[in-house]
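Here is the structure we will look at.
The values are calculated or read from the model by the stated rules, or taken from the named source; none is laboratory data. Just so it is clear, the structure is predicted and the values come from calculations on it, not from any experiment. Because the Cβ atoms are built from the backbone with ideal geometry, glycine has one as well, and the counts that use them run over all protein chains shown. Just the protein is used for accessible areas: all its heavy atoms, side chains included, with ligands, DNA and RNA removed. Shrake-Rupley method; radii C 1.70, N 1.55, O 1.52, S 1.80 Å.
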Amino acid sequence: APVQVREWLREADDMEFYLTRQQLWKAIPADMASSAFDLIHSPLDIQTGIQLGRFKTSTLFLPDHALSLSTALHPGIPHLELTREEVLNFLKKETIARSGESPGIRLITWRGHGIGWGKLVPGRVNNLLPHHWRIRMNIPE
């Protein structure tokens with residue numbers, strides 16, 4: 001598994017990592033791996049393990065949205081805590097203005113809970129929320 005992702009998991013040494021045919025990295029607790037690997041190769045569409053993410057380029061790893069919601073995340077993962085207004089904008093898949101932070105991928109949190117991923121670039125946070133998860137209704141202030 002990518003070194004960066006291993007550092008993001010609470011108990012990475014107790015996990016088995018594998019790469020799917022769709023080039024998606026996943027993790028399974030080691031004590032469940034043999035059963036899970038049997039399911040992976042079954043003709044049924046069964047989800048197993050934690051979806052970690054995939055490489056967009058040879059060096060840029062984009063974490064999967066499922067990982068942001070996982071309880072297996074290490075508490076020391078780089079994160080960005082948002083206000084209520086910022087969270088609502090994030091969930092509408094809008095860009096969040098932010099300056100003075102070092103660039104890179106961050107876990108977006110609200111009240112300490114992961115809600116998605118963002119990529120910090122100078123002056124803003126690029127929203128990595130899956131397009132189909134966005135809120136499309138108007139939210140009163």
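Values computed for the structure shown
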quantity	calculated
Residue that is surrounded by the fewest Cβ atoms within 10 Å (Cβ to Cβ), among those in region 106-119 that are touching a strand residue (DSSP E or B) at 6+ places or on another chain (Cβ under 6 Å), in contact (Cβ under 8 Å) with a residue 24 or more places away in the chain and more than 15 Å from SER70 (Cβ to Cβ)	ARG106
Residue match in region 78-95 (condition: under 23 Å from GLN22 (Cα atoms) and either open to solvent by 50 Å² or more (accessible area, probe 1.4 Å) or among the acidic types (Asp, Glu) (or both))	no
Residues being open to solvent by 50 Å² or more (accessible area, probe 1.4 Å), under 21 Å from LEU107 (Cα atoms), more than 15 Å from the chain's Cα centre (by Cα) and not charged (D, E, K, R) - total across region 4-26	0
From the options GLU101, GLU94, GLU141, residue that is among the charged types (D, E, K, R) and at pLDDT 85 or above	GLU94
Every residue from region 126-138 that is open to solvent by less than 90 Å² (accessible area, probe 1.4 Å), hydrophobic (A, V, I, L, M, F, W, C) and within 20 Å of ARG54 (Cα to Cα)	LEU128, LEU129
Some residue of region 29-50 being under 12 Å from the mean Cα position of the chain (by Cα) and either modelled with pLDDT under 90 or not in a loop (DSSP other than H, G, I, E, B) (or both)	yes
Filter result for LEU67 (under 25 Å from ALA27 (Cα atoms), open to solvent by less than 40 Å² (accessible area, probe 1.4 Å), touching a His at 6+ places or on another chain (Cβ under 7 Å) and in contact (Cβ under 8 Å) with a residue 12 or more places away in the chain)	no
